[in-house]
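This report refers to the structure that appears directly beneath it.
The numbers here are math on the coordinates, done by the rules we state, and not lab data. Here the structure is a predicted model, which means the values were calculated and not measured. All Cβ positions, glycine included, derive from the backbone under ideal geometry; neighbour counts span all protein chains shown.
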Amino acid sequence: MSDQIKRATRQIRQKENNLHQDLICEQRRRYDAETEQDNEIIRRQLAEGGIDRVVGDLQQLRTNAQNQVNRMLVIITRRQVRIGELLREKFVFQLVIRQRDQNILNLQAQILALQNNPLNMAEGQEPPDDYLDKVIQSWAYLEGHMAVLETANAGDFDNVVKCNILKSMMGGKYAPVPVNNGLVAGNLAINSPDTL
């Protein structure tokens, strides 16, 4: 899109330059033709001896030339103003295009993040209580072995460790588990599977 804008701007500038050159050439041709006619009249008048008329004609020629210059300056000024307007429009358009492209990139990044992060997608997701029950049930049949392990490891696998493991599993799949349970009276600490 920006290449099209650049191309269009270049074409506008080229046309403007061509029109400007054509205008100058046409005005110069007219001026030269008028000057030649005036010179011919002056030659005839000089030949006839009408010096007063020649001086008057020369003053008229000077006035005509100044009027032509003034008209050219007005035309050039108008065209320069129009070029400035077109350049401002181009700049604003480029800003709009940049902002649109940035919005597209942001939306694409958000879509990609949503596609690659199923944790944020609640549809079809197992409820947290069901998930926690399954984890605890899978733990239940190992209870006898865990008791032996706890004794052998001097209580390393106690309720706090179990709770921390469950919290990390819940935090990875759902929202992070808070330190205290604000939903029950007393704001109990969540430090065992039962309080979780």
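What FRET efficiency comes out for the pair residue 108/residue 133, r = Cβ-Cβ distance, R0 = 30 Å, nearest 0.05?
In this case the efficiency is close to 0.15.
If the cut-off is 20 Å between C-alpha atoms, which lysines fall inside it for residue 90, apart from same-chain ones fewer than 8 positions away?
The reachable lysines, counting only those whose Cα sits under 20 Å from residue 90, are 6, 15.
Amide H neighbours of residue 180 under 5 Å, counting only residues 5+ apart in sequence or on other chains, H built in-plane at 1.01 Å?
For residue 180, the qualifying residues are 190.
What full-extension length gain, to one decimal in nm, is calculated for residue 1 and residue 40 as 0.36 nm per residue of separation minus the Cα-Cα distance?
Working it through step by step, the gained length comes to 8.3 nm.
Based on Cα coordinates alone, diagonalise the gyration tensor for segment 2-116, multiply each eigenvalue by 5, take square roots, and list the semi-axes in whole Å, largest first.
Working from the Cα gyration tensor, I get semi-axes of 61, 12, 4 Å.
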